[in-house]
1. Here are some conditions: (1) touching a strand residue (DSSP E or B) at 6+ places or on another chain (Cβ under 6 Å); (2) not in a helix (DSSP H, G or I). B:E166 meets all but one. Which one does it not meet?
2. Would you please name the residue that is nearest to the chain's Cα centre (by Cα), looking only at residues in the range A:374-393 that are of a type in the set (A, V, I, L, M) and within 14 Å of another protein chain (Cβ to nearest Cβ)?
3. With the structure loaded, tell me whether B:D147 is of a type in the set (D, E), within 30 Å of the chain's Cα centre (by Cα), closer than 30 Å to B:T417 by Cα and more than 10 Å from every other protein chain (Cβ to nearest Cβ) or whether it fails that test.
4. Which numbered condition in (1) closer than 19 Å to A:I150 by Cβ; (2) free of Cβ contacts under 8 Å to residues at least 24 places away in the same chain is the only one that A:P37 fails?
5. Tell me, please, whether a residue that is away from chain A (no Cβ under 14 Å) and open to solvent by 10 Å² or more (accessible area, probe 1.4 Å) can be found in the range B:353-362.
6. Of the residues B:R439, B:R403, only one is more than 8 Å from chain A (Cβ to nearest Cβ) and under 22 Å from the mean Cα position of the chain (by Cα); which?
7. Let me spell it out: the conditions are (1) outside any helix (DSSP H, G or I); (2) more than 10 Å from chain A (Cβ to nearest Cβ); (3) open to solvent by less than 10 Å² (accessible area, probe 1.4 Å), and B:V482 meets all of them except one. Which number is the exception?
8. Take A:F453 and tell me if it is within 25 Å of the chain's Cα centre (by Cα) and of a type outside the set (A, V, I, L, M).
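The values are calculated or read from the model by the stated rules, or taken from the named source; none is laboratory data. This one's a predicted model, so the numbers in the text were calculated from it and none came from an experiment. For neighbour counting, all protein chains shown are included, and Cβ atoms are generated from backbone atoms with ideal geometry for every residue, glycine included. Note: areas computed on protein heavy atoms with side chains; ligands, DNA, RNA excluded. Shrake-Rupley method; radii C 1.70, N 1.55, O 1.52, S 1.80 Å.
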Protein chains: 2
Amino acid sequence: MNGAEALVSTLIAGGVDTCFANPGTSEMHFLSALDNPAMKSVLCLFEGVATGAADGYFRMKESPAATLLHLGPGLANGLANLHNARRARSGIVNVVGDHVTTHLQYDAPLTSDLEGIARPLSHWLRTTDGAHTLAHDAAQAVAAARDCQIATLVLPGDASWGDAGEVCASPAANPVRAAAPADRIDHVARMIRKADGPVLLILADRTCRGRGPELAGKVAASTGCRIATQFFTNRIERGAGRVTLERIPYFVEAAVEWLKPFRHIVTVETGEPIAFFAYPGWPSLLKHPEAQVHSLALPGEDGTAALEMLADALGASSTKPVWQERIETPAPSGPLDPVSIAHALAAAMPENCILVDESLTTGRSSMALTAGAMPHDTLQNMGGSIGFGTPVATGAAMASPGRRVFCLEGDGSMMYTLQSLWTQARESLDVTTIVFANRKYKILEAEYANMGFGTPGPRAAEMMEIDRPTLGFVALAKGMGVPGTRVDTAEDFYAALVRSCGEPGPSLIEVTL
Amino acid sequence: MNGAEALVSTLIAGGVDTCFANPGTSEMHFLSALDNPAMKSVLCLFEGVATGAADGYFRMKESPAATLLHLGPGLANGLANLHNARRARSGIVNVVGDHVTTHLQYDAPLTSDLEGIARPLSHWLRTTDGAHTLAHDAAQAVAAARDCQIATLVLPGDASWGDAGEVCASPAANPVRAAAPADRIDHVARMIRKADGPVLLILADRTCRGRGPELAGKVAASTGCRIATQFFTNRIERGAGRVTLERIPYFVEAAVEWLKPFRHIVTVETGEPIAFFAYPGWPSLLKHPEAQVHSLALPGEDGTAALEMLADALGASSTKPVWQERIETPAPSGPLDPVSIAHALAAAMPENCILVDESLTTGRSSMALTAGAMPHDTLQNMGGSIGFGTPVATGAAMASPGRRVFCLEGDGSMMYTLQSLWTQARESLDVTTIVFANRKYKILEAEYANMGFGTPGPRAAEMMEIDRPTLGFVALAKGMGVPGTRVDTAEDFYAALVRSCGEPGPSLIEVTL
């Protein structure tokens, strides 16, 4: 078989059976090898969609997808969502086509420092030596991606078409996560028992789903400590019948106030709370100056096992956590505001839906109101690079057939990688994209004030307004084969949400604010 | 003044008075400083639009614009068009906001190896030390950009808001281009006189406009040598009353055939013709194996002065070149095909229009038919990264008030950076975007065959087809405030082109093939 076929076989043997692709000339042999019934190829019109979709796919499936990207510039277009994926600890195998090795010396137009472009955002990076090493390299890339890493394999054209011999690819082993050492558990358990003020447990990554919240809930119910997440988390299982985790606020002033009571903070698969940005006169570290931080599990360690040990050490294993009650939210009516928006969502969210949240200003203030909705997963943007939402929703839907995805976007964020809609239509994915159209980069208005400037001058203000011309999201969706509707009352918003869940495939709701 | 104000003052003093911006929180002080009547800020909804617009701006104005980008991921979104700009030798000053210096240690979500991301595509790169060094650093960045370089200045938040003292920015000196040494001119002149077969002169960069084509035309008329450009050139002045330069074909087989007669090739501000991609069994170097290559001027040297000296040395200074005749093309009618499309363009192109060509398959075969149109400029994609057209058209229009821009796109390429349309509407730019909708990545079908595969299998074929769902470009344009129309005959296409020129501001024509 040729190198490209060896590569595709190895990916499939390693459980990588989905490839988000934007191919070019240098990837024609790989494209030919993708003509394999065991591999699902998903065409994306822009590379940022491909990498973001691979992020969303990993978050739901806990198993990596591949991307196919065209040389350095194609990879460059995908970097911002690789940044987000990296911060979310989503493993991805990027296959990046490069020129034929002998062609590189001529510095053809598409030649670039491909490894230089890949390095800052790849944990694992290799340009394969040739067809004969491709299966080995691909197996290593898959292993890295299964271990939550961004793995970038550069594939010169001649490695694709060269003879790889007979390849017997063996499946990759499951990565084993390190356990937290026992003395750390003991230390935290002793501290919690002795603390005379409130203690905060911050959960992240895999402890926010499966048994993690329940175990934390046992500790909370037994000891009175509070349990929360950072402002951004890669995936949280929440809703009725689960243990609700509080959310540390985004804005520095609010976060400092929220954290003020705690003199002890226990972190699980994360570090201490830090500001997203620094502001003149405000700290980067958000905790009370006298607060101590105790790490129960480092990022990448098995925090759920650590919570289990902690619950044991505290004698809380059979304590009942406080289960979130189902809150039946009546369908709202009247004007749209953060509360009526959240009520509409809470009332409409079907069981097991997935909420991808990139709604910046609109969603932030009211997401707590969906805590008693039907059980669902929430995916947030841990890297902060805008354009995360619609691609991640696309990948999450690919990984989760039968589950409705609600993708919450601001109008500003929606415009970064809107090409996702086309892939959603092509693959008939059950994604409802909800665009909150306030016609400005409202987050920047707040940030401008936070910097101490007050009201911006006319030219600066124009740089935060996207109302001229008005963006028509229903037309944009239509142009990509996705039916859309526009609503400006809470009852219409609710009705549109319910309708979207009743129809298979994607749709878009423009919420005019 | 603060650092951001010192930076903006220095940019303005250096003649950089346009900034294509996509700001974020870390750039609020810079945004505040942009509130300066001497600086025109242009909001872009995606960073690839900002960097591509800066490319188009430089090509027309020969003077750099700035971009404002938000941290590593914002820069990453702009990289692909920086690659294209770099290959086109377009100077750009990128101002990239970064976290406050003291905040970096906490590895906040948006932290990345910003210099690592910038380095592969920047000629000049610096993270400023602080407010006090910003004016100096900015002056150096402007000087680099004026010298056709990509200059990236990383601006930590505290450098923006710190005290820069009193800054007296002095204007940057004009870069001086090196002259070609006299012995090189003599060598080429002697070779041309002695050669017994046809000689080819390949012009590039600044020799394709101004006096360059005329001087080459004198040499051609006097000696019988042929004059041509590479397949891609950053800007060519062509049309009636100018000297027409032939175009070396794109596909390797055709290019090899075209170059076969020449045993001597003279290159001016470029190197010898190379294949865009390498293919099994085909060479990377396109010239006849026995052909000799003679460099008259290296890239970046003053090729026009070298042509002047060559014409002198050959006694051709007063020879009349062959001026391109005006060819009155009648408005075409009937079905759309490459010839009727080119005829419609040739008939409709107004004097001094600018043709930005990213139409890949549709435009390639027939652009020679516009040689006798009214005088115009053509801008081509020298870097090969798709998504170049609409941003470059946006920047070219910003730099050239009063000139109509025709932007030719394929339906595939149109979908990369379509957010440009919104900026065109916002700034009322006279851009007519023409989308040739064949509903496939047709170039890839040809490339697949070139690789020796013949017809792709069903799954591979699907990766080259973008017909499911159908992209509706009129709806997409409408969503961004740009009026659009769809045509499927040559007469309607011609009429739509003429109509678009009669109405100020942008419009879009979907040409259904």
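1. Among (1) touching a strand residue (DSSP E or B) at 6+ places or on another chain (Cβ under 6 Å); (2) not in a helix (DSSP H, G or I), B:E166 violates only (1).
2. The extreme case among them is A:M382.
3. So B:D147 fits the description; yes.
4. (1)
5. Yes, that holds for at least one residue.
6. B:R403
7. Among (1) outside any helix (DSSP H, G or I); (2) more than 10 Å from chain A (Cβ to nearest Cβ); (3) open to solvent by less than 10 Å² (accessible area, probe 1.4 Å), the lone unmet condition for B:V482 is (2).
8. So A:F453 fails the test.
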